[in-house]
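All remarks here apply to the structure that follows.
The values are calculated or read from the model by the stated rules, or taken from the named source; none is laboratory data. Treat the numbers as computed from the prediction; the structure is a model and nothing was measured. Note that we place each Cβ from the backbone using ideal geometry, even for glycine, and neighbour counts take in every protein chain shown. Only protein heavy atoms, including side chains, enter the accessible area calculation; ligands, DNA and RNA are left aside. Shrake-Rupley method; radii C 1.70, N 1.55, O 1.52, S 1.80 Å.
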Amino acid sequence: MEKQKVFIFDTTLRDGEQSAGVSFTLNQKLKIAHQLQKLGVDIIEAGFPRTSPGDMEAVKQISKEVRDCTICALARCIKGDIEAAYEGIREAANPRIHTFINTSDIQIENQLKKTREEVLAQAVESIRLAKRFTSNVEFSPMDATRTDREFLFRIIEAAIKHGATTINVPDSVGYAIPSEHGRMFRDIIENVPNADKAVFSCHAHNDLGLASANALAAVENGARQVEVAVNGIGERAGNTAMEEVVMALKTREAQLGVSTTIHTKEIYRTSQLVERISGMPVQWNKAIVGKNSFRHGSGIHQDGIIKKRETWEIIDPAEIGIPNGTQLVLGKLSGSHAFAKHVAELGYQLTEDQMARAFEDFKKLADKKKQIDDRDIEAIIAQRTGDVFSPIWTVEHIHVASGTHAIATATIRLIHSDGEIRTDAATGDGPIDAICVAVNRIIGADPALTGYSVQNVTEGIDAQGTVVVRIKDEDDIIYSGQASDTDVIIASAKAYVTAVNRMLLMRLKKIKTS
Ligand code: KIV
Ligand code: ZN
């Protein structure tokens, strides 16, 4: 049976921007919109043009530049809003107008101060007007989950009859629970006579933390469009998180029988971009894109992961664009296998007895210290084996130039342990790449950079950043390096050189023992 497609409608730039404290500039909106296009979303809700000249400009510009997605503009069921929406999207390759009106009694009576009949008439009139501008019209009966069911059926039937091609049924206040949300979609599709003439969409808010679960229940009951925002940002507790729904649909595709056309390898990059631009930090334990999503602390889990990743991971982090994302975090719960693997990554070859003793020391230290870093492990190994890590190369000087209109260039001077000084410069795809290329030219090797992460270890303007890099030698052995500095570029260069030193030391050991 052919899988049905679920359309991904991204509202990061509209409902996402409604998050308290978030406001995007035109350039930021364009950056996000281009990345959403790379991600492969079907529809971008670019803004609400009637609300401000800035929103109008952004919608217009996105319509001109982003040609592979449908570009949608929001409008109340009000003539001026609909005209403004069209003004915004008229140059889009595929324009859509999304018009909405409150339909729950509590909002009709207290906010609009109208009757149901007046609301229905206003919705019909607005859809007819929108239809004069574009054939692609979406209608939302706002606060649908608290709307009288019979009235909901009537207004949806009228909306479809007058030309709405997508019916979005929002849980505007995040009130629904999954079973009833799914049932609502099934009831609508079964009871609205012309339901087969429209695509049904869900728009779930996260006030009860149920947005993704509600979205999946809607899909299981016939919805074929899901409205989402990257990192789940949005009004109050936010919207349905794009990454959660997309990965749930992908991971459980066999069960759900539907799929999206999202390029999942772009998810992490998109999440990082929106985090950076919105200033809304992603919580560590956030599903899919949180810092801890692929970090394993328990010794039992780490042991399983080393034997086969799938024992404790349902998603390969590479699938969402985090290469080498799986991380075994060394701490008091870690087992001997994870410890031994890390020791090897640091470039040490220990006998069985040395490893057992070093592991004992490590466990004792881990009881006292929450975060064990490479320096701690090296100190333990030095004590047990006398094998002190003495670098072959040290960084003497770094100069990096980069910018929006400049090719990143790095000049590096390294000192060899025998006193020789070498300097080289290189350009690269960004400052980190330039540093790696320059170092490689000096040392005459070309390891693959397989992991790079930055973490701030202190707060404030003078915060220290810790950089961890992983490199892979020709024989597939991984080596890691770590360094901290108030300048992350300097920390990056030092971390890379540390990893390179470990690789070179291991090569020397191999030559000696062969
Ligand atoms: O939450 C909501 O109901 C909305 C509508 C405009 C669709 O954001
Ligand atoms: Zn909303």
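What strands (runs of 3 or more DSSP E), lying completely within the stretch 20-119, carry at least 2 residues that are buried (at least 18 other Cβ atoms within 10 Å of the Cβ) and either without any contact (Cβ under 8 Å) to a residue 12 or more places away in the chain or under 24 Å from the mean Cα position of the chain (by Cα) (or both)?
In the stretch 20-119, 43-47, 70-76 are the strands (runs of 3 or more DSSP E) which contain 2 or more residues that are buried (at least 18 other Cβ atoms within 10 Å of the Cβ) and either without any contact (Cβ under 8 Å) to a residue 12 or more places away in the chain or under 24 Å from the mean Cα position of the chain (by Cα) (or both).
It is to be established whether one or more residues within the stretch 321-329 are part of a helix (DSSP H, G or I) and open to solvent by less than 30 Å² (accessible area, probe 1.4 Å).
No, because not a single residue in the stretch 321-329 is part of a helix (DSSP H, G or I) and open to solvent by less than 30 Å² (accessible area, probe 1.4 Å).
Kindly list the number of the only condition in (1) open to solvent by less than 10 Å² (accessible area, probe 1.4 Å); (2) free of Cβ contacts under 8 Å to residues at least 24 places away in the same chain that fails for Ala254.
Tallying (1) open to solvent by less than 10 Å² (accessible area, probe 1.4 Å); (2) free of Cβ contacts under 8 Å to residues at least 24 places away in the same chain, Ala254 fails exactly one: (1).
Where residues in the stretch 276-310 are more than 23 Å from Gln455 (Cα to Cα) and charged (D, E, K, R), which of them is surrounded by the most Cβ atoms within 10 Å (Cβ to Cβ)?
Asp303
Based on what the data block shows, is Gly347 in contact (Cβ under 8 Å) with a residue 12 or more places away in the chain and of a type outside the set (Lys, Arg)?
Spelling it out, Gly347 is indeed in contact (Cβ under 8 Å) with a residue 12 or more places away in the chain and of a type outside the set (Lys, Arg).
What pairs come out if I take residues in the stretch 222-235 that are assigned to a helix (DSSP H, G or I) and pair them with residues that are open to solvent by less than 10 Å² (accessible area, probe 1.4 Å) and hydroxyl-bearing (Ser, Thr, Tyr) whose C-beta lies under 8 Å away, six or more apart or interchain?
Every condition considered, the pairs that remain are Val230/Thr12; Val230/Thr270; Val230/Ser271; Asn231/Ser271; Gly232/Thr240.
Quick check: is even one residue across the stretch 132-153 within 16 Å of ligand 1 (Cβ to nearest atom), open to solvent by less than 70 Å² (accessible area, probe 1.4 Å) and over 30 Å from Pro178 (Cα atoms)?
no
Does Asp487 count as open to solvent by 10 Å² or more (accessible area, probe 1.4 Å) and over 23 Å from Ser390 (Cβ atoms)?
Answer is yes for this residue.
Looking at this structure, is Asn214 within 16 Å of ligand 2 (Cβ to nearest atom), assigned to a helix (DSSP H, G or I) and at pLDDT 95 or above?
yes
Checking Ala198 against (1) within 15 Å of ligand 1 (Cβ to nearest atom); (2) open to solvent by less than 40 Å² (accessible area, probe 1.4 Å), only one condition comes out false. Which one?
Going through (1) within 15 Å of ligand 1 (Cβ to nearest atom); (2) open to solvent by less than 40 Å² (accessible area, probe 1.4 Å) one by one, Ala198 breaks only (1).
Of all residues in the stretch 4-19, count the ones that are part of a helix (DSSP H, G or I) and either away from ligand 1 (no atom under 13 Å from the Cβ) or open to solvent by less than 70 Å² (accessible area, probe 1.4 Å) (or both).
The total comes to 2.
Among residues belonging to the stretch 1-31 that are in contact with a Ser or Thr (Cβ under 6 Å, 6 or more places away or on another chain) and either away from ligand 2 (no atom under 16 Å from the Cβ) or among the charged types (D, E, K, R) (or both), point out the one that is farthest from Arg269 (Cα to Cα).
Lys3
Being among the polar types (S, T, N, Q) and in a strand (DSSP E or B) is the filter here; which residues of the stretch 465-506 pass it?
Listed by number, the residues that qualify are Thr466, Ser480, Gln482, Ser484.
Of Ile43, Ile89, which residue is touching a Pro at 6+ places or on another chain (Cβ under 7 Å), of a type outside the set (D, E, K, R) and assigned by TED's automatic domain parsing to the domain that holds Thr165?
Unique residue meeting the criteria: Ile89.
Residue-by-condition table, conditions (1) within 16 Å of ligand 1 (Cβ to nearest atom); (2) charged (D, E, K, R):
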{"site": "Asn239", "(1), (2)": "yes, no"}
{"site": "Glu266", "(1), (2)": "no, yes"}
{"site": "Ile300", "(1), (2)": "no, no"}
{"site": "Glu310", "(1), (2)": "no, yes"}
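Examine the stretch 168-182 for a residue that is more than 16 Å from ligand 2 (Cβ to nearest atom), buried (at least 18 other Cβ atoms within 10 Å of the Cβ) and assigned to a strand (DSSP E or B), and state whether such a residue exists.
Checked the stretch 168-182: no residue is more than 16 Å from ligand 2 (Cβ to nearest atom), buried (at least 18 other Cβ atoms within 10 Å of the Cβ) and assigned to a strand (DSSP E or B).
Among what's in the stretch 201-220 and is within 12 Å of ligand 1 (Cβ to nearest atom) and of a type in the set (Gly, Ala, Ser), pick the residue that is surrounded by the fewest Cβ atoms within 10 Å (Cβ to Cβ).
Ser201
Since Glu91 meets every condition but one in (1) of a type outside the set (A, V, I, L, M); (2) farther than 23 Å from Thr166 by Cα; (3) more than 16 Å from ligand 1 (Cβ to nearest atom), which condition does it not meet?
(2)
Residue check, Ile188 against (1) open to solvent by 50 Å² or more (accessible area, probe 1.4 Å); (2) assigned to a helix (DSSP H, G or I), all met but one. Which one?
Every condition holds for Ile188 apart from (1).
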